[in-house]
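Novice: This is the structure I have questions about; it appears just below.
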Amino acid sequence: MTRKKVGYLGPKGTFTKLAVDTAFNGEDYVGFSTIPACIDAVAKDEIDIGVVPLENAIEGTVHLTLDYLIHQARLPIVAELVVPIEQHLLVRKDFTGELKDITTVYSHSHAIAQCHHYLHRHLPKADLKFRSSTGRAAELVSESKEPIAAIGNELAAAEYNLNIKAKSIHDFPNNHTRFAVLSKQNGSLNIKHEQTGEKTTVLVTLPKDYAGALHQVLAAFAWRKMNLSKIESRPMKTGLGNYFFIIDVNQPMDDVLFPGVIAELEALNCQIEVLGSYPVYQMNPK
């Protein structure tokens with residue numbers, strides 16, 4: 001069997017790397033410093049598969065991922081990985097101070113947002129600084145002699161030889177992240193877990209100056225008893241007030257219901273595009 005190149009938001013120690021390690025087996029992994037770099041590598045056929053964060057249960061959509069897929073590199077979503085997230089406060093092993101001694105906390109913006117209550121209560125005077133990933137934040141702490149910390153996972157702690165100063169500091173216990181698996185290729189992904197569901201994601205652009213258009217769009221799904229797990233508006237970047245909608249439908253593309261929805265929406269002068277119809281996998285890294 002040919003080994004595939006799987007790209008992820010790096011460096012090592014990120015939650016995306018944790019998702020990749022949990023989902024795939026025996027592939028060649030390639031880390032990228034940013035989400036757009038990983039997506040571009042798939043678009044340019046430099047890698048076979050790209051895995052990027054899409055949504056967190058606490059902080060919401062990763063807009064950089066969604067917007068880049070829509071506006072810059074339209075790639076099909078071929079699978080979704082749902083991974084439980086535990087955020088820890090990481091320090092160097094030679095750090096012997098207290099929480100009050102930590103001057104700066106580094107992490108990805110979403111990771112810091114997931115821990116706002118903890119940071120407010122325990123580190124109110126620490127500066128909060130964003131980095132491109134939790135792995136990069138952990139790497140920075142490992143290279144510094146300053147009294148600083150990172151927010152990241154156990155993989156990052158092991159990878160960069162850090163101590164976990166405080167465990168599970170995220171503000172809400174049910175913390176999960178959805179990762180989109182992107183690929184231009186057809187064929188098996190060889191994911192190690194059993195499929196737990198199926199989903200189809202569509203992009204809908206409404207006609208201008210059409211009263212009740214969104215209601216009619218949702219009605220096209222509702223009367224067919226098609227369950228929508230998410231609907232989100234994003235700016236079209238063509239002017240204020242211009243939006244498109246991303247809709248997740250909890251069922252696969254078929255030859256009956258979806259063609260009917262598409263025909264009905266096109267009759268309303270809506271534009272609709274399928275971004276992917278794909279299996280969903282619930283990961284368990286432990």
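Novice: Taking strands (runs of 3 or more DSSP E) that do not extend beyond the range 205-286, which have at least 1 residues that are closer than 28 Å to VAL62 by Cβ and free of Cβ contacts under 8 Å to residues at least 60 places away in the same chain?
Specialist: The qualifying strands (runs of 3 or more DSSP E) are 228-235, 243-249.
Novice: I want to confirm something. Restricting to the range 101-147 and keeping residues that are hydroxyl-bearing (Ser, Thr, Tyr) and within 24 Å of the chain's Cα centre (by Cα), which single residue is modelled with the lowest pLDDT?
Specialist: Looking at the filtered set, the residue picked out is SER132.
Novice: While we're looking at this one, here's another question. Hey, can you tell me all the residues within the range 34-56 that are surrounded by fewer than 17 Cβ atoms within 10 Å (Cβ to Cβ) and in contact with a strand residue (DSSP E or B) (Cβ under 8 Å, 6 or more places away or on another chain)?
Specialist: Scanning the range 34-56 gives THR34, GLU46.
Novice: Moving on. Would you pick out the residues in the range 19-71 that are within 16 Å of the chain's Cα centre (by Cα) and without any contact (Cβ under 8 Å) to a residue 12 or more places away in the chain?
Specialist: Listed by number, the residues that qualify are ALA37, GLY60.
Novice: Would you check which residues across the range 61-119 are β-branched (Val, Ile, Thr) and within 30 Å of HIS193 (Cβ to Cβ) and list them?
Specialist: THR61, VAL62, THR65, ILE70, ILE77, VAL78, VAL82, VAL83, ILE85, ILE112
Novice: Confirm whether ALA73 is at pLDDT 95 or above, over 14 Å from HIS122 (Cβ atoms), hydrophobic (A, V, I, L, M, F, W, C) and assigned by TED's automatic domain parsing to the domain that holds ILE39.
Specialist: For ALA73, the condition - at pLDDT 95 or above, over 14 Å from HIS122 (Cβ atoms), hydrophobic (A, V, I, L, M, F, W, C) and assigned by TED's automatic domain parsing to the domain that holds ILE39 - is not met.
The values are calculated or read from the model by the stated rules, or taken from the named source; none is laboratory data. These numbers were taken from a predicted model, which means no experiment stands behind them. Cβ coordinates were reconstructed from backbone atoms using ideal geometry, including for glycine residues, and neighbour counts include every protein chain displayed.
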